1. Test each condition in (1) in contact (Cβ under 8 Å) with a residue 40 or more places away in the chain; (2) crowded, with 19+ Cβ neighbours inside 10 Å; (3) in a helix (DSSP H, G or I) for A12 and report the one that comes out false.
2. Could you check E52 against (1) modelled with pLDDT of 95 or more; (2) over 19 Å from C116 (Cα atoms) and say which number it fails?
3. Residue by residue through the stretch 18-31, note down the ones that are open to solvent by 20 Å² or more (accessible area, probe 1.4 Å) and acidic (D, E).
4. Assuming F69 fulfils every condition listed in (1) farther than 30 Å from S80 by Cβ; (2) in contact with a Leu (Cβ under 9 Å, 6 or more places away or on another chain) apart from one, which condition is it?
5. Among S4, S34, S80, S44, which is the only one that is open to solvent by 70 Å² or more (accessible area, probe 1.4 Å), out of contact with any Gly (no Cβ under 8 Å at 6 or more places or on another chain) and of a type in the set (G, A, S)?
6. Identify all residues within the stretch 47-63 that are surrounded by 13 or more Cβ atoms within 10 Å (Cβ to Cβ) and among the aliphatic types (A, V, I, L, M); write none if there are none.
7. Could you list all residues from the stretch 63-90 that are part of a loop (DSSP other than H, G, I, E, B) and either over 20 Å from K114 (Cβ atoms) or among the β-branched types (V, I, T) (or both)?
Amino acid sequence: MQKSRELDLYMAQKVLGHKTFNDRQGKPHEELPSGQTRPLRAYSQEIAAAWEIVEKIGISLLPVEQGWFAIVGNTRGWESPADFIGYLQTADFTNSGAAVGESAPMTICLAAMKACERREAENQETLLN
């Protein structure tokens, strides 16, 4: 349970850009760009919450035999289904955020986290050069 809440915090902060804080009882909350606050959503466990992540960064989600495959491409979305299929045919997901898992919400979050980590590493490399 603790690891999923850490992932939920990561999604709120890094992917959605929300500020997070603990209330007086120590329960995590997030502040939306509008200034409104709410209890931290269970992005890694609830599909309605995870869908915010999908819409924010353009994750493609496919059912596979053992669960779900989620991928974040180099850009938000694809120009056409043919472009998406062509990208999948390369089977080179090292430069994207991709994950396979049993649960759609968790798989979405893992792919988003990998994409964020990849983008942060690219930004650091750009700064160094």
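1. (1)
2. If we test E52 against (1) modelled with pLDDT of 95 or more; (2) over 19 Å from C116 (Cα atoms), just (2) comes out false.
3. Step one: of the stretch 18-31, the residues open to solvent by 20 Å² or more (accessible area, probe 1.4 Å) are 19-29, 31.
Matches in the stretch 18-31: D23, E31.
4. Among (1) farther than 30 Å from S80 by Cβ; (2) in contact with a Leu (Cβ under 9 Å, 6 or more places away or on another chain), the lone unmet condition for F69 is (1).
5. Working: S4 fails: open to solvent by 70 Å² or more (accessible area, probe 1.4 Å); S80 fails: open to solvent by 70 Å² or more (accessible area, probe 1.4 Å); S44 fails: open to solvent by 70 Å² or more (accessible area, probe 1.4 Å).
Answer to the check: S34.
6. First, the residues of the stretch 47-63 that are surrounded by 13 or more Cβ atoms within 10 Å (Cβ to Cβ): 47, 49-54, 56-61.
Hits for the stretch 47-63 are I47, A49, A50, I53, V54, I57, I59, L61.
7. So the first thing to find is which residues in the stretch 63-90 are part of a loop (DSSP other than H, G, I, E, B), and the list is 65-66, 73-80.
Listed by number, the residues that qualify are E65, T75, E79, S80.
Residue-wise test of (1) in a loop (DSSP other than H, G, I, E, B); (2) among the polar types (S, T, N, Q); (3) closer than 16 Å to L9 by Cβ.
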{"site": "R24", "(1), (2), (3)": "yes, no, no"}
{"site": "S34", "(1), (2), (3)": "yes, yes, no"}
{"site": "R41", "(1), (2), (3)": "yes, no, yes"}
{"site": "A49", "(1), (2), (3)": "no, no, yes"}
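The values are calculated or read from the model by the stated rules, or taken from the named source; none is laboratory data. Just so we're clear, the structure is a prediction, and the values are computed from it rather than from any experiment. Cβ: placed from backbone, ideal geometry, glycine included. Neighbour counts: every protein chain shown. The protein model used for the area step is the full one, side chains on, heavy atoms only, and it has no ligands, DNA or RNA in it. Shrake-Rupley method; radii C 1.70, N 1.55, O 1.52, S 1.80 Å.
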